């Protein structure tokens, strides 16, 4: 194994502020009005491409410039990267003092507050956070313990149970209502499901575990159930700012009301037209009802668009104007560009694909990089034919999605060792570790865990366990390794504990774990090298964290999709790749040219939304999000016919998406695809003197 990396501590950063007189000079009038708002609630309705982030950054800078202490400002975002970007930009305006602003995601902030105030609410400070996979496993253990599913003809799986539980927490709808609306086949099991949820909560409590949703619900309860705690927590900040407010759920709205209980200095930025995450629990009503929830709120609309050409805005403005409920705004721009968006009619999926690929190549030959072109669609399966054609034509592409880095089995295995060191009561991680040992299956692993539970999770219980013959050597190595790591410097470990832990200790812990685990990995996988490389990267990243707890919390709070997402300072790949993306994943991005395919009723909008007005309105907003990603060129494509399967002779005649009504189409250029160039073999030969009279010969048979 390679030598462990050294940790180079960064120097303290000091930067100077920009000229105060010019702080707001770079903003348009509406942006400046929002940034310079005084005290009291403020709602900034920021249309697509209108400089939302820029306005919020200047709002932070203005508060600091007018004398608000940076550490009395809380900036809440939905990704860690967004918070880092905003604070970095604020630093260029007001200097290094902006580094003291408390910025982060809702869940990371809830985690920090629980570590700080949890003991006053009866919590042990050394709790562990379950990622989604481990939470689902614990839900499965709760179900098995109660024996509820054993006799049912069909009962929800652990993943479904966790989904219902999370929906219950985030939407505040009753369990029986969620089952009846979304999973009617399981509606009769409402009582059993709620018993499982009770067992799940009990297991989390007895094992000192929190899941992702607990971070928010516990934060809300501390604000609502104890005046003393609420005063201490809300009293930390004089101003609260929230990005992407249209994506908040009811629980987050409760938290914000509690955090502003004394000062009402809340600024939220969002766009009601881009509220597209109801399936995650987001509530469209939060942004619509903000002026009611915070009486006297100022409302500023940002309408000058810096992204798209006016013809693109004409189409998207008309599209969203059909929404039943919305804040009225009309986006405009001073950007040039006269070409209208295309509405392209294709005969079938194959012709749709051929047009998209041909047009992409044409744009690329005219100088547009592939990375500045995106093909968007409602659902991932809709790009299957396109992916085949791109591969055949040797056009490199990247499709957003796929297995998450932390969902890879070998990464979860290594993290399980760290989790039991950080929290010896982590039943799910113990189960994962024990079943790695040769000859240890479900029954044996549960027997060991029961013995450990009976002895209050005393690690000695593992040492006294007599393993199967095949597992004796591995068991001995495991016991020795865990004993050694409990004495390591990273065991100091609690955030905020006195005494600085040894830098690099977490990476050394992983190196020690791999002395045992790498051989297990090589035995389990035919191609171990890529997986070993993942662990190398995980180990290098761990070197930048001060403790096991900090490392594990960072991974649970914002799970990366790849090792690149984990690495600080990671840059995007320099390779030029076309982007394929679902409309949901495209939010927040922009490209020079955008193709929206399958603009057909039942496809976009999805057939599942056709019977529900609220879902249909969200589908409209989703199409709006997709179309507003384009800077210079937009093509919306729909096939007239679709086949049930690639080899099927049964086809249906498709109807253009209902969202593209006559008024929307009036701002688009209709494009009909011409016949393909003839194959040389099909070109008729030049006229020549006939060698025989075939018709005469045929007639002659009867003369």
### Task
Inspect segment 591-599 for any residue being assigned by TED's automatic domain parsing to the domain that holds residue 357, part of a loop (DSSP other than H, G, I, E, B) and either at pLDDT below 95 or on the phi > 0 side of the Ramachandran plot (or both) and give the result as yes or no.
yes
### Query
If only one of 138, 74, 123 is assigned to a helix (DSSP H, G or I) and either in contact (Cβ under 8 Å) with a residue 60 or more places away in the chain or surrounded by 15 or more Cβ atoms within 10 Å (Cβ to Cβ) (or both), which one is it?
138
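Yes/no per residue for (1) under 24 Å from residue 133 (Cβ atoms); (2) part of a helix (DSSP H, G or I):
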position	(1), (2)
395	no, no
410	yes, yes
424	yes, no
436	yes, no
### Message
Can you tell me which of (1) over 21 Å from residue 261 (Cα atoms); (2) assigned to a loop (DSSP other than H, G, I, E, B) is the one residue 32 doesn't meet?
### Response
(2)
#### Entry: Index of the failed condition, residue 114 passing every other in (1) touching a residue at least 40 places away in the same chain (Cβ under 8 Å); (2) over 25 Å from residue 588 (Cβ atoms); (3) not in a helix (DSSP H, G or I)
(3)
### Query
Is there a residue being under 30 Å from residue 542 (Cα atoms) and in contact with a helix residue (DSSP H, G or I) (Cβ under 7 Å, 6 or more places away or on another chain) anywhere in segment 463-471?
yes
### Query
Which pairs have Cβ atoms under 7 Å, sit 6 or more apart or on different chains, and link a residue in segment 510-532 that is in a loop (DSSP other than H, G, I, E, B) to one that is surrounded by 14 or more Cβ atoms within 10 Å (Cβ to Cβ)?
525/531; 528/521
### Query
What's the number of the condition residue 36 fails, among (1) under 28 Å from residue 621 (Cα atoms); (2) at pLDDT 90 or above?
(1)
### Message
Looking for something within 25 Å of residue 119 (Cβ to Cβ), surrounded by fewer than 18 Cβ atoms within 10 Å (Cβ to Cβ) and at pLDDT below 80 - is there at least one such residue anywhere in segment 478-489?
### Response
yes
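Against the condition more than 30 Å from residue 124 (Cβ to Cβ) and not assigned by TED's automatic domain parsing to the domain that holds residue 346, how does residue 410 come out, does it pass?
Criteria met by residue 410.
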### Query
Out of all the residues in segment 188-206, is one or more modelled with pLDDT under 95, in contact with a strand residue (DSSP E or B) (Cβ under 6 Å, 6 or more places away or on another chain), surrounded by 16 or more Cβ atoms within 10 Å (Cβ to Cβ) and farther than 22 Å from residue 75 by Cα?
no
### Query
Given (1) more than 25 Å from residue 298 (Cα to Cα); (2) surrounded by 19 or more Cβ atoms within 10 Å (Cβ to Cβ), where does residue 80 come up short, assuming only one miss?
(2)
### Task
Look through 398, 351 and report the one residue that is touching a strand residue (DSSP E or B) at 6+ places or on another chain (Cβ under 8 Å), surrounded by fewer than 19 Cβ atoms within 10 Å (Cβ to Cβ) and modelled with pLDDT under 90.
398
#### Entry: Boolean, residue 143 is within 22 Å of the chain's Cα centre (by Cα), at pLDDT 90 or above and surrounded by 18 or more Cβ atoms within 10 Å (Cβ to Cβ)
no
### Message
Just to be sure before I move on: is residue 88 part of a helix (DSSP H, G or I), free of Cβ contacts under 8 Å to residues at least 12 places away in the same chain and surrounded by fewer than 18 Cβ atoms within 10 Å (Cβ to Cβ) in the structure I sent?
### Response
yes
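For a quick check of your reading: which strands (runs of 3 or more DSSP E) sit entirely within segment 238-334 and have at least 2 residues that are on the phi > 0 side of the Ramachandran plot, touching a residue at least 40 places away in the same chain (Cβ under 8 Å) and out of contact with any helix residue (DSSP H, G or I) (no Cβ under 8 Å at 6 or more places or on another chain)?
In segment 238-334, there are no strands (runs of 3 or more DSSP E) which contain 2 or more residues that are on the phi > 0 side of the Ramachandran plot, touching a residue at least 40 places away in the same chain (Cβ under 8 Å) and out of contact with any helix residue (DSSP H, G or I) (no Cβ under 8 Å at 6 or more places or on another chain).
The values are calculated or read from the model by the stated rules, or taken from the named source; none is laboratory data. Just so we're clear, the structure is a prediction, and the values are computed from it rather than from any experiment. Note that we place each Cβ from the backbone using ideal geometry, even for glycine, and neighbour counts take in every protein chain shown.
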